[in-house]
1. Once the Cα atoms of helix 181-194 and of the chain are each reduced to a long axis, what angle between those two axes, in degrees from 0 to 90 to the nearest 10, is obtained?
2. Which one of Gly39, Gly23, Ala80 is farthest out on the positive end of the charge dipole of segment 1-95, using unit charges on Cβ (Lys, Arg +1; Asp, Glu -1) and the Cα centre as origin?
3. How high is the FRET efficiency between Gln121 and Lys279 when r is their beta carbon distance and R₀ equals 41 Å, given to the nearest 0.05?
4. Give the lysines reachable from Lys322 as a straight Cα distance under 21 Å; neighbours fewer than 8 places away on the same chain don't count.
5. What list do you get for Ile19, Ile209 if you sort them by fewest beta carbons within 10 Å?
6. Using +1 at the Cβ of each Lys and Arg and -1 at the Cβ of each Asp and Glu in the chain, identify which of Ser277, Pro199, Ser107 lies farthest towards the dipole's positive end.
7. In nm, to one decimal, how far is the modelled label at Leu9 from the one at Phe101, with both set 7 Å along Cα→Cβ?
8. Of Leu185, Leu190, Leu171, how do they rank once you tally other Cβ atoms within 10 Å and put the fewest first?
Amino acid sequence: MNIHSDGGLDSIGYAYQDINCDGIDELFVGDMADGEFKGVVYDVYTMVDRSPAHVVSGSARDRYYDYENSFLCNEWSGGAGSYGMDVYVLENNSTEMVFQFGYKYDSYENEEKPWFLTYDQENYESISEDEYDSNTDTTDKYVRFDYTPLSKFEGAGTSSEEGDKTAKAELPPYEYPGPELFYSLLYKYLADEFGPDYPDGQVTIPCPIITAEDDTDRDDMKLWGNFWIYKYDLNGDTLETAAGGSYPGCIHIKNTDEGYEITGMDIVEDGSGNTASAKKIFGKHYDEYVKSMADEEACEKIRAQIIANYVAANDLPIKAYKDYGWDPVPLPEENIDSFYSQLD
């Protein structure tokens, strides 16, 4: 704010991007600049145990960038003869940044060959100028955010509580449109249980990616999968993703004479215990789970169909959905009659 005393909140912006690929967006706050400094990051925030947490701060000579939407890159400078870039990965459910690799130019250490590479920030190996130049060329690697100015944080063209309510009333709430009570219960459970974790967005739409089902025990039917929640805002004829996250695990369902009842859910742990937890919960279905997680195209088809069915059920003039930084995805034709019974 000291740097941008004239522009104030018009000169500093924010953007969302899932930098650690866990399905939950990080928050980036940065400079509303163009050219070389477009996309520079002042601060990064993430979610730890479902609460906001600060990751790192940058400065004019210690800048951060989103690096290929999978890493954070720190450009630092110690003067005309010493500068470089370090690349980190942000751990899931943590503020811990794990160093991956780095390059530096250091004429103080070696005036004739000042180009170095490191994998641990302690031991540096000498490289050629050509190697240094090619590997530090970030032209196509930095994500140049089109930040939203902080002055527009309130959104919807108004800061009044009544105005916000009016804007959010544009989209009807999601209701399962299919014929099966089993899935009606599932979708409502996901929306009620995990939707409140994400305060932004006009409508909550669940997206269960089901791996396997076991209905042999009426008192404990099991449904394994990766259960997604998305929040969307309407922009013209496109639903734009405002927030979202995934909850892989196993949902337990009881089948009674009165109907179905969800009795609980085992959720895969985040962080270092993720793999062990997933193997324990999914058991013999673990390989199926990993395979389904890797098939992004199939997952997006399910997501698109669920949105298309919501649009059709509510007779909405929506033609596509869009994640931040990606092109809009056209919606398929509605398929309410047979789609849901094929989720397994």
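1. Helix 181-194 and the main axis of the chain meet at about 30 degrees.
2. Ala80
3. Working: r = 33 Å, r/R0 = 0.81.
Computed FRET efficiency for Gln121 and Lys279 comes out at 0.80.
4. Lys152, Lys168, Lys231, Lys301
5. Values: Ile19 24, Ile209 19.
Listing Ile19, Ile209 from fewest to most nearby Cβ atoms yields Ile209, Ile19.
6. Looking along the dipole axis, the top candidate is Pro199.
7. According to this spin-label approximation, the distance is 4.3 nm.
8. In order of increasing Cβ crowding within 10 Å: Leu185, Leu171, Leu190.
All of the numbers you see were taken from the coordinates with simple rules; none came from a lab. In this text, all values refer to a predicted model and were calculated from it rather than measured experimentally. Cβ coordinates were reconstructed from backbone atoms using ideal geometry, including for glycine residues, and neighbour counts include every protein chain displayed.
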